[in-house]
Amino acid sequence: MPSRRQTTFVHPKFAVVGHPNKGKSSIVSALALDDSVQISDTPGTTTKKRSFPLSVDGKVLYELFDTPGFQRARRVLAWLEKHDVPANKKHEVVQAFIDEHKDDERFNDEIELLEPIMDGAGIIYVVDGSQPYGEEYETEMEILRWTGQPSMALINHIDETDYSEEWKRALEHYFKMVRTFNPMQTNFEQHMSILESMAQLKEEWIAPLKASIKLFKQYQEQMLERSAALVTRLVYESVSAVEKLSFYTQEASEEERQKIESNYKDKLRDLEVSTQKHIEEIWNHGHLQKEEKVLTFEGMDLFSEETASVFGLTRKELLITGVTSGAVTGAGIDLLFAGHTLLLGGAIGALLGGTGAYFGFNELSEVKVLGQTMGRRYLEMGPMENRNFPYILLGRTMYHTMKVAQTSHAKREVFEIEMDQTFKEKWLDDTSRKSLEKYHKKFRSGSALEAEELKEYEVLIKRILKHLIDA
Ligand SMILES: Nc1nc2c(ncn2[C@@H]2O[C@H](COP(=O)(O)OP(=O)(O)OP(=O)(O)O)[C@@H](O)[C@H]2O)c(=O)[nH]1
Ligand SMILES: [Mg+2]
């Protein structure tokens, strides 16, 4: 019987290397889903190699190295070429270069980038396809070839211009795989597809990287699920929220009435903000708050007319959804029900435009006066009566979640939400709207909900989110 020898498994390693300031660190950050990678437009930002292991349950799946850019490639290559050795010995010459120049400050950057490669890392050579190709890169690629390690090239585009055709032609001489990758606009599919390419560099890496891809997919599902659960809770809690305010006089004053309304609105705003923060944490963007780089709806308050017109349902949609049936408050509603024929004729068009009081938040919920004896009387506001509110809140939250999920970890600047006026059409189709309304109605009723019903709503939300994020 053959003895069972224990072989120590070495996880796949990849060194991201290239010219200074070509987006190496940005690529590491995007692939490692790590925002702590130092990125800046000053060439020479990275001066030490840094490892970014990706581990699950304490086991490293693979490891990425961010490295400094080449500084003295010509000198290094000249040194290597002085040693005339056959191909199977070339890597030894590279090691000799490292050993001999270990304490030589001038070659710090080359040594930092060559070390992980000589330690077994595959090479990911990064170039900027928005700049023309130049022969100076050949020196770098030549040095990399001397290491004998498996390698691939990634073409990044820092600017709009595109020289990728000439780059491809040159890179294909040196690398068996040339891919395009934009670390700023990467999505899940692209990330997985780059991992698949990385797996092809070495046979032993296929299995561990396939396993990593599988785990990433599970992880993505989990993040979607947790986001959907938070969105569900937000909508449910906001719609069913009730705010109370005690007063001690015969009648509640106008100020007290205004106070309860502003408390009520603040409560809903707080719920929205805290959900957004949680969602940012789920997608590993929690650091954003620390640096006050929060994803914001710039100037678009939850209760503004603008938010209502961008995210809310139009009169027509409200009608089709059947939201308006029952005790609807607000202006214009009599007109809408003046006759069903209106829906068929052209006259309906005249009614659809604009955002009247009905779409704004002049009518949120009635302020009720409760309690009998003086001193024990209070004002009460909630649950939400405005039929459009859940859609507005949902639209904003879906939009925010989509943006957070699609934001690369390589992004450093404050990211504001640029409004996409067509967003609603992307997430809310007729069928979803009708399914959602069934639940919104229950949320509004103030009656207790079965856990199952919330779960059903969550499944619906998850499906919509998945569709949005994958698109
Ligand atoms: N617009 C855009 N900017 C990018 C992209 N990739 C990198 N950048 C920017 O380019 C600059 C350099 O990016 P880094 O990732 O720090 O580059 P590096 O190659 O690690 O640079 P050094 O460490 O200095 O060698 C930063 O300002 C990045 O924000 C990209 O795909 N699109
Ligand atoms: Mg860098």
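Okay, here's what the table says:
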read-out	value
Those residues of region 431-469 which are in contact with a helix residue (DSSP H, G or I) (Cβ under 7 Å, 6 or more places away or on another chain), open to solvent by 60 Å² or more (accessible area, probe 1.4 Å) and farther than 16 Å from Arg226 by Cα, in sequence order	Lys434, Lys442
Top-ranked residue of region 182-205 - restricted to ones that are within 16 Å of ligand 1 (Cβ to nearest atom), touching a residue at least 40 places away in the same chain (Cβ under 8 Å) and part of a loop (DSSP other than H, G, I, E, B), ranked as least open to solvent (accessible area, probe 1.4 Å)	Pro183
Members of region 124-180 found to be surrounded by fewer than 17 Cβ atoms within 10 Å (Cβ to Cβ) and acidic (Asp, Glu), listed by number	Glu135, Glu136, Glu138, Glu142, Asp159, Glu160, Asp162, Glu165, Glu166, Glu172
Cross-chain or 6+ apart pairs with Cβ under 8 Å, region 127-140 first and within 9 Å of Thr161 (Cβ to Cβ), then open to solvent by less than 50 Å² (accessible area, probe 1.4 Å) and polar (S, T, N, Q)	Gly129/Asn156; Gly129/Ser164
Where a residue in region 427-444 is in a loop (DSSP other than H, G, I, E, B) and its partner, wherever it lies, is of a type in the set (Phe, Trp, Tyr) and open to solvent by less than 30 Å² (accessible area, probe 1.4 Å), with Cβ under 9 Å and at least six apart	Leu428/Tyr391
Within region 28-63, tally of residues that are near ligand 1 (Cβ under 7 Å from one of its atoms) and either surrounded by 18 or more Cβ atoms within 10 Å (Cβ to Cβ) or farther than 23 Å from Asn108 by Cα (or both)	2
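The values are calculated or read from the model by the stated rules, or taken from the named source; none is laboratory data. From a predicted model like this one, the values you see are computed outputs, not experimental measurements. Positions of Cβ are backbone-derived with ideal geometry, glycine not excepted, and every protein chain shown enters the neighbour counts. For the accessible areas, the whole protein counts, side chains as well, though only heavy atoms, and no ligand, DNA or RNA atoms are used. Shrake-Rupley method; radii C 1.70, N 1.55, O 1.52, S 1.80 Å.
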